[in-house]
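The values are calculated or read from the model by the stated rules, or taken from the named source; none is laboratory data. All of these numbers come straight from a predicted model, not from anything done at the bench. With ideal geometry, Cβ positions are generated from the backbone for all residues, glycine too; neighbour counts draw on all protein chains shown. Heads up: the accessible areas ignore ligands, DNA and RNA and are worked out on the full protein's heavy atoms, side chains in. Shrake-Rupley method; radii C 1.70, N 1.55, O 1.52, S 1.80 Å.
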Amino acid sequence: MLELSILGFLAEEPLHGYELKERIKALTGHVRPVSDGALYPAITRLVKAGLLEERTEPGTSAAPRKTLSLTERGREDLLERLRDPKQAEITDQVRFNTVLAFLRHLPDRHEQAAVLRRRLEFLETPTSFFYDGGEPVRAEETDDLFRQGMLRVARATGQAERAWLAEAVEQLDQAD
């Protein structure tokens, strides 16, 4: 997810490490904060792999600043990650939002629709935070006020997301 965020934001424009960190933080928020200890080693790996280019520029103070940009190989890697997201990037809401944030960079609308269909298919499978005898517990089946709240909010969110996904897939399919 971190590498996808790095590649995605740099596909939009070159950035300094701090700017990149702030954009990733805005995308993932408090749910999955990014630390310097994770970000900068990931950047180093991507530079060594030839996916990013690092340029040193004069800073606003005495210290020079490094600007990161996406290489052509990095752009190809980003497109492949978007074309075929890992299963966890489909099933995990925060990771899927990261895919969604950059899916517009994938030029083929059919490939975009295929990613959305995978998420829609995942959301169609009955699930819950809680189970009884292996079966998902619905909000109406528990007397626990707080679990009812969790389940009702999750159901409403899921319904809204499924409706949007179906609508988006239809629009992408009609674009031909």
Discussion item. For a bin width of 10 Å, list the pair-distance distribution of region 47-118 built from all Cα-Cα distances, rounded to whole %.
Written reply: 19, 36, 26, 14, 5, 0
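Please work out how much length the chain gains when fully extended from A38 to E3, using 0.36 nm per residue of separation minus the C-alpha to C-alpha distance, in nm with one decimal. Each step should come with its number before you reach the end.
Working: separation 35, 0.36 × 35 = 12.60 nm, distance 1.01 nm.
Working it through step by step, the gained length comes to 11.6 nm.
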Response to the item:
Note on region 126-176: C-alpha Rg/Rh, Kirkwood Rh, two decimals, gives 1.21
Fill in: region 2-149 - percent relative contact order, Cα under 8 Å, separation 6 or more
20
Practice prompt. For Y131 paired with E54, estimate the spin-label separation in nm (one decimal), with each label point 7 Å from Cα along the Cα-to-Cβ line.
Written response: 4.5
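Which FRET efficiency value, to the nearest 0.05, do you get for A166 and H16 by plugging their Cβ-Cβ distance into 1/(1 + (r/R0)^6) with R0 = 35 Å?
The formula returns an efficiency of 0.30 here.
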Practice prompt. With a 1.4 Å probe and every protein chain kept in, tell me what percent of the accessible surface of region 31-129 is carbon plus sulfur.
Written response: 52
Worksheet item: Put +1 on the Cβ of each Lys and Arg and -1 on the Cβ of each Asp and Glu in region 1-126; which of H105, L52, Y40 then has its Cα farthest toward the positive end of the dipole?
Response: Y40
Worksheet item: Dipole magnitude of the chain about its Cα centre, charges +1 at Lys/Arg Cβ and -1 at Asp/Glu Cβ only, in debye to the nearest 20?
Response: 600
Practice prompt. With a probe of 1.4 Å, find how much accessible area the chain has per residue, and write the answer as a whole number in Å².
Written response: 61
Worksheet entry | Computed label-point distance, nm, for sites R83 and H110 using a 7 Å Cα→Cβ extension | 1.3
Response to the item:
Taking only C-alpha positions in the chain, Rg and Dmax in angstrom work out to 19.7, 65
Fill in: Acute angle (nearest 10 degrees) that the helix 93-102 long axis makes with the longest principal axis of the chain, alpha-carbon atoms
50
Item to complete: Provide the FRET efficiency to the nearest 0.05 for the V94-Q174 pair, computing r from the beta carbons and using R0 = 35 Å.
Response: 0.75
Discussion item. Quick check: the angle from helix 109-124's long axis to the longest principal axis of the chain, C-alpha only, nearest 10 degrees?
Written reply: 40
Worksheet item: What FRET efficiency comes out for the pair R152/E121, r = Cβ-Cβ distance, R0 = 22 Å, nearest 0.05?
Response: 0.40
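What translational diffusion coefficient, in µm²/s and rounded to a whole number, does the Stokes-Einstein relation yield for region 86-138 at 4 °C and a viscosity of 1.567 mPa s, taking the hydrodynamic radius as the Kirkwood radius over Cα pairs?
104
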Response to the item:
If one builds a Gaussian network model of the chain from Cα atoms under 10 Å apart, the most fluctuating residue listed among V94, V137, V34 is V137
Fill in: Loop-located trypsin sites (Lys or Arg not before Pro) in region 57-97 whose Cβ has at most 14 other Cβ within 10 Å (DSSP)
K86
Discussion item. Can you tell me the orientation of helix 36-48 relative to the chain, as the angle in degrees between its alpha-carbon axis and the longest Cα principal axis, to the nearest 10?
Written reply: 60
